[in-house]
Amino acid sequence: MLHQESRFSSLIILYVIFSLSSLMLISEGTEHIVGDSSGWELFTNYTNWTQGREFHVGDVLVFNYKSDQHNVMQVNSTAYTDCRTDNYTSLFTKGNDSIIISEVGTLWFICGVDDHCENGQKLSINVAP
């Protein structure tokens, strides 16, 4: 009887380990390096960059840039359209910022330095369910 209980316990432990490992694999998202090798820069067409890409909850946006020249502001649609830097949701300034996508819908990002947004340093993505 003791041998059967030990075997049953071992099976339960293996099942739990397998289940947790599977969950970890499922929860890992795709890493998207914004602008690819160019990074987060002026005069880049980020609308073209998004073409053919799918964004999902759990994916990671990586913004690479020179921290003394740029930043990343997560903003709403109005601030995105008008390049307004006075009302942002989040501000990133490290130069190598990883942002985990946590919601479905449209997300907007701009550079809040000088006239960078007006010169195209802005990104809008649609996050699929």
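Across the stretch 74-89, rounded Karplus estimates of 3J(HN,Hα) from the backbone phi angles (6.51 cos²θ - 1.76 cosθ + 1.60, θ = phi - 60°) give 8, 9, 8, 5, 5, 5, 5, 5, 8, 6, 8, 9, 8, 9, 10, 7 Hz, Gly and Pro being marked x. Computed from phi, the 3J(HN,Hα) profile of the stretch 30-39 under the Karplus parametrisation 6.51, -1.76, 1.60 (θ = phi - 60°) reads 7, 8, 10, 8, 4, x, 6, 5, 6, x Hz, with x in place of Gly and Pro.
Length gain on complete extension for the stretch residue 60 to residue 33, per 0.36 nm per residue less the alpha carbon to alpha carbon distance?
Values: separation 27, 0.36 × 27 = 9.72 nm, distance 0.83 nm.
Gain on extension, residue 60 to residue 33, equals 8.9 nm.
Based on protein heavy atoms only, the stretch 23-82 ends up with 59 Å² per residue of surface accessible to a 1.4 Å probe. Between residue 51 and residue 124, the modelled label-to-label distance comes to 1.7 nm, taking each label 7 Å out from Cα in the direction of the beta carbon.
The values are calculated or read from the model by the stated rules, or taken from the named source; none is laboratory data. Computed from a prediction, not measured in an experiment: that's the story for all the values here. Cβ: placed from backbone, ideal geometry, glycine included. Neighbour counts: every protein chain shown. Ligands, DNA and RNA are excluded from the accessible area calculation, which covers all protein heavy atoms including side chains. Shrake-Rupley method; radii C 1.70, N 1.55, O 1.52, S 1.80 Å.
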